[in-house]
Each structure stands twice: as structure tokens, then as C-alpha cells.
Amino acid sequence: MAFWSSTSVFTSKVPRKILFMFTLSLSVTYLFYSLMSCYNSLQFPLQENYLFQGRLVTEDTTFVTLREKLYSASPGFTEFTQAEGTTSAPTAREQDEAEQRTVEWIRTQASPTKSAAAFRSAAPERDRQEVSTTDSELRMNCTSDYGEKKLPQAIIIGVKKGGTRALLEALRVHPDVRAVGNEPHFFDRNYEKGLDWYRDLMPSTLEGQITMEKTPSYFVTNHAPKRIHSMAKDIKLIIVVRNPVTRAISDYTQTLSKKPEIPTFEVLAFKNRTLGLIDASWSALRIGIYALHLESWMQYFPLSQMHFVSGERLIVDPAGEMAKVQDFLGLKRIVTDKHFYFNKTKGFPCLKKPEDSSTPRCLGKSKGRTHPKIDPDVIRRLHKFYKPFNMMFYQMTGQNFEWELEEDSVSRSSQD
Ligand SMILES: Nc1ncnc2c1ncn2[C@@H]1O[C@H](COP(=O)(O)OS(=O)(=O)O)[C@@H](OP(=O)(O)O)[C@H]1O
């Protein structure tokens, strides 16, 4: 009895006040957090301070949430580029083992073996599809067996269809640059072959020359930043970026040229067109979300080790872009406007012929393809989709690539 009466005193007098205060403080806290999260969502993606100690700061969960949404690919999504000669992804165990072997290699600094030579002769087969005779001839221009083979000090890591071949070929004009012509795909498809294999693919270099390679798929390969970092922390990374909408169409055009039976771009771009639901899991669209991919690289490399080339400017002002790339690589500005001319038939800049050669120095047919006409409404929707990611990318890189100006011109022309 005494117990019950004391309990009723407890619930009737003091606790009511305490309960009231407790409920009030809970409500205020809840309100405060709701307002904070709302504020953060509204700020995205124009929030400042994305960089902290070389890392993207996502103090608001919005970026993370958005990324998770984008990457939780719907089951059964169509990934046509998977069929373009890529091998199946290695299992987590295989990747770990391969990483272990690489770390081991770096520790022991093993001498190069000849094991890659046999593979090298077969490896270009895959890449040969995308390069013309012209491209191969360009590559043969600078073969020399003097010096020693080294791991690359600079890599063009992306982006697919950004203009990476044009950039590499222009760089190879520089006497201090030696680059492997085909895409080695070491950090995505061939990692288990080991660094000896990779190094053996490289051309020999003399002192002062830079070894380079280009494999645009690295930019979107999850393991690539960590793997490249474990090979060389001070490596220089070059990324050629292009309006993600045009890039997607270019990517699609390439696939279409090999598989004419695929659905239209408009069909592939949407999960549900009526609802306006864009299929961001389609690789042609996913690759263009540059901010998300860059975030992974920034976990391993500071921005000072990255250089972003505008794919658009590389066409209209190749010499201007080349000046910046040469500065970034610490090279003398040797490749200048004297090396380029605009080829009207090709519709692109080409390298001038060296005096002793009659070789045409335009890129092959697979570069500069005519794109199919895409419904302007779809293009407008894609511009809208990419806009926040582009803004974020500009903030992260500190460079404005002005892709929104193209969007404006699309809107204007579709109104005419
Ligand atoms: N000088 C020159 N000549 C020809 N093409 C040029 C040049 N500069 C940039 N481009 C653009 O490069 C686009 C192909 O990009 P990539 O070389 O990165 O493609 S790939 O990922 O290696 O397949 C290619 O894309 P498409 O036009 O869609 O074919 C070109 O627009």
C-alpha cells in the first residue's frame, strides 16, 4: 500500500513537470535536427567547403545519400558497355590477393621479367578495334628501345570519350614523353598480372623522359585510386572531361557502331520516361557523374596531382590545352599551335605531318563519329539531371567547364 501511495504521489506531482520538460526538450531537439537537415538539403550542391585536407567533405548526408541512391542500381539494368570486350569483374578475394602481390612487389622491387612480352603481342587485339591504321602509325612514330622501362609517372585516367586519344597523341609529339599506345587496362582488368607485367608494356625511356599511358576506364573503377596510389603516391593524373550529355551520346554512338540492334538512346536513358525517371545506372550516363567518381580519387590524391583538361577546348584550342598539360607535367612547352592544323574533312584538329613523313596525322574513324539525332526533350532532361553534379564538380576542381551554356543553346534552338 505504502508503495502504491508513494507511486501515485510520484506520478501525480513532481513527474508531471519533469515529464513535460522532458517532452518539451525532446520536441525542441527533434525540431532543431529537422531544420538542420532541411537546411543542408537545400544547400546541396551549392554548399561551400567541399575540400578538407584533400578530401571531399560530405558533412551533410545528402551527398552520401544521393550517391547511394545512384549506385543502388535497379536489378536488370542494361549495361551494354560491359560487352565491349571487358572481362568479368574479379572477386573480392582475387582483388585482395592481387593487391597483396603488388604491395609485395613494391617492397621487394623485383626486377622486370620477360613474362609480359608474350601477352603484349596479344593484348592490343582488344584495343585495335577502336584505333585506325592512322592511330597505329602515329604510335609507331616514337618507338625506341634505348633506356629502361619504367612504371608510368603520369596517367590519363579518363574519361571515356572525353578526347583522351587526341590528348595522348599530341603529348607523344613531345620528345620528353614516351607512352604506350594501347590501353593497358592494368588497374581494372589486368591487375592480377602484376606490376612487372605492367612495366614491361611500357616503352623504354631515357633520363628526363616521362612514361605515360591512358586507360579512360580507370576514372570509374572503384579500386583504381587505391591501386594507383599503392604503386606511386606522387603520380600525376590527367582527366579529360567533356559535357556529360555529349559524352553519353558519344559513348552510345560507339556501342551502336558495334551493336546496331541496341535500343535507342532515348529508351536506354530512362527507367520510366513518363515519370521522368532517368536510368543513372546505365554506364553511358553513370560515367558522366564526374563529381561522384572524383570523390573516390580525392580520398587518395590531392588536387595538386590532378589536371583536368576540357574536352571541348581540346578541339577548339588544342595548343592552349596542351600548354597547360605540359606545365602540369613539368615539361617545356614544346607542343604548340605550330603542331596543329584544322582538317576540314575530318572536322577536327590534326597534327601536322613531320617533314619526313607522308603519314596523315588525324585520328581514325572511331574518333569524331557522327552522333545520332537525339530527342531535344531528352537532352534537356539530361542537362537538368547533370546540372547539380556539374556544379559540384566545378566546386571540387575549382574550374568552370561551362557546360550549362550548351544547355542554354539547346533550349533556345528547341524553342525556335
Ligand atoms: N583532334 C581530334 N580528332 C578526333 N576526335 C577528337 C579530337 N579531339 C577530341 N576529339 C574527341 O575525342 C572523342 C573520343 O574520345 P576518346 O579518345 O577519349 O575515346 S575513347 O574513350 O578512347 O574511346 C571523340 O568523340 P566523338 O566525336 O563522339 O567520336 C572526339 O569528339
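Criterion first (in contact (Cβ under 8 Å) with a residue 40 or more places away in the chain, touching an Asp or Glu at 6+ places or on another chain (Cβ under 9 Å) and within 20 Å of Tyr218 (Cβ to Cβ)) does Ser296 satisfy it? In short, no. Summed over segment 190-227, residues that are within 30 Å of Asn400 (Cβ to Cβ) and under 14 Å from the mean Cα position of the chain (by Cα) total 11.
If I ask for residues that are assigned to a helix (DSSP H, G or I) and aromatic (Phe, Trp, Tyr), which ones from segment 246-294 would you list?
Here is the first cut: in segment 246-294, the residues assigned to a helix (DSSP H, G or I) are 246-258, 265-269, 283-286, 290-294.
Selection gives Tyr252, Phe265, Tyr290.
Ala248 satisfies every condition listed in (1) modelled with pLDDT under 95; (2) crowded, with 21+ Cβ neighbours inside 10 Å except (1).
Please tell me if Ile278 is within 21 Å of the chain's Cα centre (by Cα) and closer than 30 Å to Met231 by Cα. Break it down stepwise before answering.
Numbers: within 21 Å of the chain's Cα centre (by Cα): yes; closer than 30 Å to Met231 by Cα: no.
No: the conditions fail for Ile278.
Inclusion of Asn222 among residues that are in contact with a Leu (Cβ under 9 Å, 6 or more places away or on another chain) and open to solvent by 10 Å² or more (accessible area, probe 1.4 Å) is not warranted.
Taken as a whole, the structure leaves Met202 outside the set of residues that are in contact with a helix residue (DSSP H, G or I) (Cβ under 9 Å, 6 or more places away or on another chain), among the hydrophobic types (A, V, I, L, M, F, W, C) and away from the ligand (no atom under 14 Å from the Cβ).
Put simply, of Pro152, Pro175, Pro184 the only residue that is away from the ligand (no atom under 12 Å from the Cβ) and out of contact with any strand residue (DSSP E or B) (no Cβ under 9 Å at 6 or more places or on another chain) is Pro175. Return the residues of segment 130-149 that are farther than 30 Å from Tyr252 by Cβ and either at pLDDT below 95 or within 15 Å of the ligand (Cβ to nearest atom) (or both); say none if nothing qualifies. Met140, Asn141, Cys142, Thr143, Ser144, Asp145, Tyr146, Gly147 - these are the residues of segment 130-149 that are farther than 30 Å from Tyr252 by Cβ and either at pLDDT below 95 or within 15 Å of the ligand (Cβ to nearest atom) (or both).
Of the residues making up segment 299-342, those that are farther than 18 Å from Gln153 by Cα, open to solvent by less than 50 Å² (accessible area, probe 1.4 Å) and either away from the ligand (no atom under 14 Å from the Cβ) or assigned to a loop (DSSP other than H, G, I, E, B) (or both) are Ala323, Val335, Thr336. For segment 255-278, the criterion of being out of contact with any Leu (no Cβ under 8 Å at 6 or more places or on another chain), under 27 Å from Asn400 (Cα atoms) and open to solvent by less than 10 Å² (accessible area, probe 1.4 Å) is satisfied by no residue at all.
The values are calculated or read from the model by the stated rules, or taken from the named source; none is laboratory data. A quick note: this is a predicted structure, and the numbers were derived from the prediction, not measured. Using ideal geometry, Cβ is built from the backbone for each residue, glycine included, and neighbour counts are taken over all protein chains shown. Ligands, DNA and RNA are stripped out before the accessible areas are found, and what is left, the full protein with its side chains, is counted by its heavy atoms. Shrake-Rupley method; radii C 1.70, N 1.55, O 1.52, S 1.80 Å.
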